[in-house]
1. Examine region 127-144 for a residue that is among the β-branched types (Val, Ile, Thr), over 22 Å from the mean Cα position of the chain (by Cα) and either over 20 Å from Val22 (Cα atoms) or outside any helix (DSSP H, G or I) (or both), and state whether such a residue exists.
2. Go through (1) modelled with pLDDT of 80 or more; (2) on the phi > 0 side of the Ramachandran plot for Gly38 and report which single condition fails.
3. Of the residues that sit in region 1-18 and are of a type in the set (Val, Ile, Thr) and in a helix (DSSP H, G or I), which one is most open to solvent (accessible area, probe 1.4 Å)?
4. Name the single residue, out of those in region 19-33 being surrounded by fewer than 18 Cβ atoms within 10 Å (Cβ to Cβ) and of a type in the set (A, V, I, L, M, F, W, C), that is nearest to Ile178 (Cα to Cα).
5. Just checking, how many residues over region 164-175 are in contact (Cβ under 8 Å) with a residue 12 or more places away in the chain and open to solvent by less than 60 Å² (accessible area, probe 1.4 Å)?
6. Given (1) over 30 Å from Trp5 (Cβ atoms); (2) open to solvent by 30 Å² or more (accessible area, probe 1.4 Å); (3) over 14 Å from the mean Cα position of the chain (by Cα); (4) touching a residue at least 12 places away in the same chain (Cβ under 8 Å), where does Leu156 come up short, assuming only one miss?
7. Here are some residues: Gly143, Gly95, Gly161. Which one is closer than 30 Å to Val47 by Cβ, out of contact with any Leu (no Cβ under 9 Å at 6 or more places or on another chain) and not aliphatic (A, V, I, L, M)?
8. From the set of residues in region 41-53 that are at pLDDT below 80 and out of contact with any Lys or Arg (no Cβ under 6 Å at 6 or more places or on another chain), which is surrounded by the most Cβ atoms within 10 Å (Cβ to Cβ)?
Amino acid sequence: MGPTWSWRAVGGLAVLWLVGCVAVVWLLFGARLAALTGIAGPTGTFVVAGCYEGMEDTDTQCRGTYTPSSASSSARATAARPILLRSASDDLRPGTRRDVRLVGDAVFEPSPLAASEYVTFAGWTAATLGLPGHWLLTSARRGRLLSGENYVFVWLASLIGAIALGILTLPVAWLLAIARG
């Protein structure tokens, strides 16, 4: 005999939970990860005005002006706007120019190492948020509430898998950086 309608409702809730987890991970990491790898986001030039260490993280952040590369030379002067460079590769001197990608109200320097870190953090977030959904879905498939003891080990294995995925992303991101020139 298969699961009753109440367990099917729990299964539907679990699927919605997992879809929500994917959406949250994409909203938190997707666009920034694409910018850090250099495969997406409007390109432009960033001129550093000054750098400092971020309050909420240990990354170096720089204030300066962003000019889109798609603007014509006469429109570039009017298109330049003040903006924040997040995760700068090092402490940059004022006047330094960098090729960047725009994401929302900040710009990012394409960086294989930062892209690898973002993949790892995205994996950790997905594993942590997705674990309750996975447990509910498995319980719904079996038609009974399962013990959560083994899910601690599943979660730890997922975290280790996210680290491995981040390490495997590093050479791919470096190849993308080499291909961009």
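1. no
2. (1)
3. This residue is Val15.
4. The qualifying residue nearest to Ile178 (Cα to Cα) is Ala31.
5. 4
6. Failing condition for Leu156: (4).
7. Gly95
8. Across region 41-53, the extreme among qualifying residues is Cys51.
The values are calculated or read from the model by the stated rules, or taken from the named source; none is laboratory data. All figures in this text were calculated on a predicted structure; none of them were measured in a lab. Positions of Cβ are backbone-derived with ideal geometry, glycine not excepted, and every protein chain shown enters the neighbour counts. Side chains are part of the model used for accessible areas, which takes the heavy atoms of the whole protein and leaves out ligands, DNA and RNA. Shrake-Rupley method; radii C 1.70, N 1.55, O 1.52, S 1.80 Å.
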